[in-house]
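See below for the structure under consideration.
The values are calculated or read from the model by the stated rules, or taken from the named source; none is laboratory data. Predicted model only: the values in this text are computed from it and were never measured. For neighbour counting, all protein chains shown are included, and Cβ atoms are generated from backbone atoms with ideal geometry for every residue, glycine included.
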There are 2 protein chains.
Amino acid sequence: MRSPEELEAALRAIGEERYHIHHPFHRLLHGGKLTKGQVQAWALNRYYYQASIPAKDASLLARLPTPELRREWRRRLIDHDGDGVHPGGVERWLALTDGLGLDRAYVTSLAGLLPATRFAVDAYVRFVREASVLEAIASSLTEMFSPTIISERVAGMLKHYDFITPETLAYFTPRLTQAPQDAAFALDYVKRHADTPEKQEAVLAALRFKCDLLWAQLDALYFAYVEPGLPPPGAFRP
Amino acid sequence: MRSPEELEAALRAIGEERYHIHHPFHRLLHGGKLTKGQVQAWALNRYYYQASIPAKDASLLARLPTPELRREWRRRLIDHDGDGVHPGGVERWLALTDGLGLDRAYVTSLAGLLPATRFAVDAYVRFVREASVLEAIASSLTEMFSPTIISERVAGMLKHYDFITPETLAYFTPRLTQAPQDAAFALDYVKRHADTPEKQEAVLAALRFKCDLLWAQLDALYFAYVEPGLPPPGAFRP
């Protein structure tokens, strides 16, 4: 069986190999190679992921056994839903789609979503609801890798796109501090509770699954809006 | 179809008929007719209900569609789980079981729970997870009736039992303000969204179901600890 440190190394190796920072769509996005319409398609589809995060977190919270654990996870709900005064992540994501000129009612209606986005996001919410608490927490560990991608994304998009401003990217700023705090808790939990070879394999599989579903969303964007560029019937057309 | 006001009247009528304020076990509890052991049995069993409330609320929160609704429901999680500084309802309930001389590890282990308590509480959590959002919210409406029972309980128990102090009853004080706030929101939601005869019937049935499961818990306590006084194998014995 792996030591906790070896388990952490194995988790980080999954990120090295599979995190969507390496996806060609992200390289195009960060490198300034997309049209405004393609960036709109990204923001529109990613909205569904953002809007589903609180459902994912609340369904995990519902299965956590102690007030202490639930309070830790409740913080994520506050980060994403806000407190009624300070906007949360969902609201900040809508500032991005607003800034890109997308109609807010159209975005939140999900009418233009790629079906593959819906399938991947729904698979995530369902996984967190149905897998073990340990696996559900492990699936959040992509946050270990997100500060790098966010830094690249914000710098690259501000540099390359004249339709992008710091205000429209306000979603990402708090995530640079929230994600490491969340990831530190989740990593510690996973290292302490994955105490059999079977649980360690389950934890690694959960993180692979999460990386896969983030990756699959970009595959669908690439196919629909880059190459060959064939959005399915009913999906957003720039 | 009922007007919203007629629906509210019908909901209140269910409380008049079915709320457990009328249960003989509660009359004994409030009237000072129970032994310390019987009060311990009540507090021990009711702990499982209290400890399950955040699971119930989080699973509903996971199905609420907007940040606004989720923030409203998130307040309930804070009330029950605390914020890490101020104790929540679960912790305050343990102050009651402590004050009654029950071992905290025994209480939280659930080892002495009446099976009927478990069945009733689990049925509630499952109902909120699986019924419509409207029915799940309606099932919380017993809070419309709780200030009266709490006032009677606190006054009666302080008056009649020398082993009860204001500190051990600290659970109830915040509930006198929290419950009406929660109930006002839920009642308004139900009156606005139960807009067909079928939905109105479903809402009324949900509140009846909730009253029934509170009542059933007291039936079990009465049978096991009052008359005939036959706790099942494995259950707490005073």
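Of the residues B:229, B:234, which single one is touching a residue at least 60 places away in the same chain (Cβ under 8 Å) and on the phi > 0 side of the Ramachandran plot? Talk me through it step by step, then tell me what you get.
Values: B:229 fails: touching a residue at least 60 places away in the same chain (Cβ under 8 Å).
Answer to the selection: B:234.
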Of the residues in the range B:115-147, how many are hydroxyl-bearing (Ser, Thr, Tyr), over 21 Å from residue B:88 (Cα atoms) and assigned to a helix (DSSP H, G or I)?
2
Matching residues, the range B:171-194, being in contact (Cβ under 8 Å) with a residue 24 or more places away in the chain and over 16 Å from the mean Cα position of the chain (by Cα):
B:185, B:187, B:189, B:190, B:191, B:192, B:193, B:194
Just to be sure I understand the filter: pairs with C-beta atoms under 6 Å, separated by 6 or more residues or on different chains, first member in the range A:49-67 and facing another protein chain (nearest Cβ under 9 Å), second member crowded, with 23+ Cβ neighbours inside 10 Å and of a type in the set (D, E, K, R). Which pairs pass?
A:54/A:81; A:54/B:70; A:57/A:76; A:61/A:70; A:64/A:70; A:67/B:81
Within the range A:101-114, count every residue that is assigned to a helix (DSSP H, G or I) and exposed (fewer than 14 other Cβ atoms within 10 Å of the Cβ).
4
Out of the residues in the range B:68-77 that are among the hydrophobic types (A, V, I, L, M, F, W, C) and more than 7 Å from chain A (Cβ to nearest Cβ), state the one that is surrounded by the fewest Cβ atoms within 10 Å (Cβ to Cβ).
B:69
Taking the range B:115-155 as the search range and keeping residues that are among the aromatic types (Phe, Trp, Tyr) and surrounded by fewer than 19 Cβ atoms within 10 Å (Cβ to Cβ), which one is farthest from residue B:65 (Cα to Cα)?
B:119
Within the range A:148-170, can you find the residues that are over 12 Å from the mean Cα position of the chain (by Cα), outside any loop (DSSP other than H, G, I, E, B) and aliphatic (A, V, I, L, M)?
A:154, A:155, A:157, A:158
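Yes/no per residue for (1) within 20 Å of residue A:127 (Cβ to Cβ); (2) in a helix (DSSP H, G or I); (3) among the aromatic types (Phe, Trp, Tyr):
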position: A:176; (1), (2), (3): no, yes, no
position: A:179; (1), (2), (3): yes, yes, no
position: A:182; (1), (2), (3): yes, yes, no
position: A:189; (1), (2), (3): yes, yes, yes
position: A:199; (1), (2), (3): yes, yes, no
position: A:202; (1), (2), (3): yes, yes, no
position: A:206; (1), (2), (3): yes, yes, no
position: A:210; (1), (2), (3): yes, yes, no
position: A:219; (1), (2), (3): yes, yes, no
With the structure loaded, tell me whether residue A:69 is farther than 28 Å from residue A:8 by Cα and either in a helix (DSSP H, G or I) or among the hydrophobic types (A, V, I, L, M, F, W, C) (or both) or whether it fails that test.
no
When the residues of the range A:1-51 are filtered to those that are farther than 23 Å from residue A:94 by Cα and among the hydroxyl-bearing types (Ser, Thr, Tyr), which remaining residue is surrounded by the most Cβ atoms within 10 Å (Cβ to Cβ)?
A:19
For residue A:185, indicate whether it is aromatic (Phe, Trp, Tyr), out of contact with any Cys (no Cβ under 8 Å at 6 or more places or on another chain) and more than 14 Å from chain B (Cβ to nearest Cβ).
no
Could you grab me the full set of residues in the range B:78-107 that are more than 9 Å from chain A (Cβ to nearest Cβ) and β-branched (Val, Ile, Thr)?
B:85, B:97, B:107
Residues of the range A:9-45 satisfying the condition of being under 28 Å from residue A:197 (Cβ atoms), part of a helix (DSSP H, G or I) and either free of Cβ contacts under 8 Å to residues at least 60 places away in the same chain or under 20 Å from the mean Cα position of the chain (by Cα) (or both)
A:9, A:11, A:12, A:13, A:14, A:15, A:16, A:17, A:18
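Look at residue B:235 and say whether it is assigned to a helix (DSSP H, G or I) and at pLDDT 95 or above. Please lay out each step first, then the result.
On the way: assigned to a helix (DSSP H, G or I): no; at pLDDT 95 or above: yes.
No: the conditions fail for residue B:235.
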